[in-house]
1. Work out how much length V63 to N126 would gain on full extension: take 0.36 nm times their residue separation and subtract the Cα-Cα distance, in nm to one decimal.
2. With every protein chain kept in place and ligands, DNA and RNA left out, what is the accessible area per residue of the chain? Probe 1.4 Å, answer in Å².
3. Compare the Cα positions of T108, G32, F42 along the charge dipole of the chain (+1 at Cβ of Lys, Arg; -1 at Cβ of Asp, Glu; about the Cα centre) and return the one farthest towards the positive end.
4. Roughly how many debye, to the nearest 20, is the charge dipole of the chain about its Cα centre, given +1 on each Lys and Arg Cβ, -1 on each Asp and Glu Cβ, and no other charges?
5. If you add up the charges near A81, with Lys and Arg at +1 and Asp and Glu at -1, over every other residue whose beta carbon is less than 15 angstrom from its beta carbon, what do you get?
6. Only helical DSSP H runs with n ≥ 4 go in: add -39500 (n - 2.57) per run for the chain, normalise by residue count and round the 222 nm mean residue ellipticity to 500 deg cm²/dmol.
7. Once you keep just the Cα pairs under 8 angstrom separated by 6 or more residues, what percentage relative contact order results for the chain?
8. Pop out the carbon and sulfur fraction of the accessible area of the chain as a percent, whole number, probe 1.4 Å.
Amino acid sequence: ECSSHYARAMASYGVYVSACGFEHHGPKGFLGFRPALGGGEFRCAFIAAEGWGTFTRSIRGGVTECRIDLHYGTLRLNRIAPGLPRLGHGAKVEVRAAGRIIDATPRTDALGTGTEIVFPGEVRINPGVALSVTVRG
(Lines give C-alpha, C1' and ligand atoms only; values in the text may rest on other atoms or scores of the structure.)
Protein backbone atom coordinates (compact mmCIF):
# COMPACT_ATOMS: atom_id res chain seq x y z
CA GLU A 1 0.00 0.00 0.00
CA CYS A 2 1.02 3.56 -0.63
CA SER A 3 -0.99 5.02 2.28
CA SER A 4 -3.87 7.34 1.44
CA HIS A 5 -5.97 7.39 -1.73
CA TYR A 6 -4.04 10.30 -3.29
CA ALA A 7 -0.66 8.58 -2.89
CA ARG A 8 -2.03 5.36 -4.36
CA ALA A 9 -3.30 7.19 -7.47
CA MET A 10 -0.01 9.02 -7.92
CA ALA A 11 1.93 5.75 -7.57
CA SER A 12 0.04 4.29 -10.54
CA TYR A 13 0.57 7.50 -12.53
CA GLY A 14 4.32 7.06 -11.97
CA VAL A 15 4.15 3.71 -13.79
CA TYR A 16 2.42 5.42 -16.74
CA VAL A 17 5.04 8.20 -16.89
CA SER A 18 7.84 5.62 -16.77
CA ALA A 19 6.31 3.50 -19.54
CA CYS A 20 6.07 6.61 -21.74
CA GLY A 21 9.59 7.70 -20.85
CA PHE A 22 8.11 11.16 -20.33
CA GLU A 23 10.34 14.05 -19.27
CA HIS A 24 9.47 17.74 -19.05
CA HIS A 25 11.33 20.79 -17.78
CA GLY A 26 9.17 23.88 -18.23
CA PRO A 27 11.77 26.60 -17.51
CA LYS A 28 14.33 24.97 -19.84
CA GLY A 29 11.71 24.32 -22.54
CA PHE A 30 12.41 20.59 -22.74
CA LEU A 31 9.92 17.85 -23.62
CA GLY A 32 11.00 14.24 -24.10
CA PHE A 33 9.61 10.75 -24.64
CA ARG A 34 11.43 7.42 -24.57
CA PRO A 35 8.60 4.88 -24.95
CA ALA A 36 9.22 1.50 -23.36
CA LEU A 37 6.15 0.03 -25.09
CA GLY A 38 4.47 0.07 -28.46
CA GLY A 39 7.16 -0.91 -30.96
CA GLY A 40 6.57 1.03 -34.16
CA GLU A 41 3.30 2.64 -33.07
CA PHE A 42 3.04 4.63 -29.84
CA ARG A 43 0.59 7.21 -28.48
CA CYS A 44 0.26 8.76 -25.04
CA ALA A 45 -1.16 11.74 -23.21
CA PHE A 46 1.12 14.16 -21.37
CA ILE A 47 0.82 16.99 -18.88
CA ALA A 48 3.30 19.87 -19.16
CA ALA A 49 3.86 22.98 -17.04
CA GLU A 50 1.28 25.11 -18.85
CA GLY A 51 -0.82 22.67 -20.84
CA TRP A 52 -1.58 19.11 -21.87
CA GLY A 53 -1.76 17.13 -25.07
CA THR A 54 -0.83 13.93 -26.88
CA PHE A 55 2.36 12.51 -28.34
CA THR A 56 2.30 10.06 -31.26
CA ARG A 57 5.17 8.14 -32.88
CA SER A 58 4.86 6.00 -36.01
CA ILE A 59 7.65 4.00 -37.68
CA ARG A 60 6.91 2.66 -41.17
CA GLY A 61 9.34 1.57 -43.87
CA GLY A 62 12.32 3.71 -42.92
CA VAL A 63 10.21 6.80 -42.10
CA THR A 64 9.62 7.86 -38.50
CA GLU A 65 6.97 10.44 -37.74
CA CYS A 66 6.54 12.02 -34.31
CA ARG A 67 3.75 14.46 -33.52
CA ILE A 68 3.01 16.62 -30.50
CA ASP A 69 -0.59 17.89 -30.34
CA LEU A 70 -1.40 20.42 -27.65
CA HIS A 71 -5.05 20.29 -26.57
CA TYR A 72 -4.99 22.95 -23.85
CA GLY A 73 -2.66 25.72 -22.68
CA THR A 74 0.74 26.65 -24.07
CA LEU A 75 3.90 24.66 -24.69
CA ARG A 76 7.21 26.53 -24.93
CA LEU A 77 10.01 24.45 -26.39
CA ASN A 78 13.74 24.93 -26.90
CA ARG A 79 14.52 21.24 -27.24
CA ILE A 80 12.62 17.98 -27.71
CA ALA A 81 13.57 14.33 -27.48
CA PRO A 82 10.81 12.60 -29.48
CA GLY A 83 11.91 9.00 -28.92
CA LEU A 84 14.16 8.78 -31.98
CA PRO A 85 17.13 6.41 -32.11
CA ARG A 86 20.59 7.78 -32.78
CA LEU A 87 20.51 8.94 -36.42
CA GLY A 88 22.91 7.86 -39.15
CA HIS A 89 24.75 10.30 -41.42
CA GLY A 90 22.26 10.05 -44.30
CA ALA A 91 19.14 10.75 -42.22
CA LYS A 92 17.00 13.75 -43.15
CA VAL A 93 15.00 15.48 -40.43
CA GLU A 94 12.12 17.87 -41.07
CA VAL A 95 10.28 19.73 -38.30
CA ARG A 96 6.96 21.48 -38.97
CA ALA A 97 4.48 23.49 -36.95
CA ALA A 98 1.25 24.92 -38.38
CA GLY A 99 2.31 23.63 -41.81
CA ARG A 100 5.57 25.63 -41.82
CA ILE A 101 9.08 24.23 -41.65
CA ILE A 102 10.78 25.07 -38.35
CA ASP A 103 14.54 25.61 -38.15
CA ALA A 104 15.95 22.76 -36.03
CA THR A 105 19.18 20.84 -35.47
CA PRO A 106 19.26 17.13 -34.59
CA ARG A 107 21.97 16.01 -32.14
CA THR A 108 22.79 12.96 -30.07
CA ASP A 109 21.12 13.09 -26.66
CA ALA A 110 22.96 13.16 -23.32
CA LEU A 111 22.75 9.35 -22.96
CA GLY A 112 24.33 8.86 -26.38
CA THR A 113 21.61 6.44 -27.47
CA GLY A 114 18.97 8.69 -29.04
CA THR A 115 18.44 11.93 -30.91
CA GLU A 116 17.07 15.20 -29.68
CA ILE A 117 15.96 18.18 -31.74
CA VAL A 118 17.27 21.62 -30.74
CA PHE A 119 15.63 24.87 -31.85
CA PRO A 120 17.66 28.08 -32.32
CA GLY A 121 15.01 29.98 -30.34
CA GLU A 122 11.88 29.25 -28.38
CA VAL A 123 9.07 27.55 -30.30
CA ARG A 124 5.63 28.18 -28.86
CA ILE A 125 2.84 25.69 -29.49
CA ASN A 126 -0.79 26.60 -28.89
CA PRO A 127 -3.91 24.41 -28.97
CA GLY A 128 -4.78 23.23 -32.45
CA VAL A 129 -1.19 23.60 -33.70
CA ALA A 130 0.77 20.36 -34.02
CA LEU A 131 4.55 20.06 -34.00
CA SER A 132 5.70 17.21 -36.22
CA VAL A 133 9.11 15.64 -36.76
CA THR A 134 9.68 13.45 -39.81
CA VAL A 135 12.88 11.41 -40.21
CA ARG A 136 13.77 9.66 -43.44
CA GLY A 137 16.68 7.26 -43.82
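The values are calculated or read from the model by the stated rules, or taken from the named source; none is laboratory data. Just so we're clear, the structure is a prediction, and the values are computed from it rather than from any experiment. Note that we place each Cβ from the backbone using ideal geometry, even for glycine, and neighbour counts take in every protein chain shown. For the accessible areas, the whole protein counts, side chains as well, though only heavy atoms, and no ligand, DNA or RNA atoms are used. Shrake-Rupley method; radii C 1.70, N 1.55, O 1.52, S 1.80 Å.
1. Contour length minus the Cα-Cα distance gives 20.1 nm.
2. Averaged over the residues of the chain, the accessible area is 58 Å².
3. Toward the positive end, the furthest listed residue is T108.
4. Rounded to the nearest 20 debye, it is 300 debye.
5. +4
6. -4000 deg cm²/dmol
7. 23
8. Using a 1.4 Å probe with all protein chains present, the chain comes out at 55 percent carbon and sulfur.
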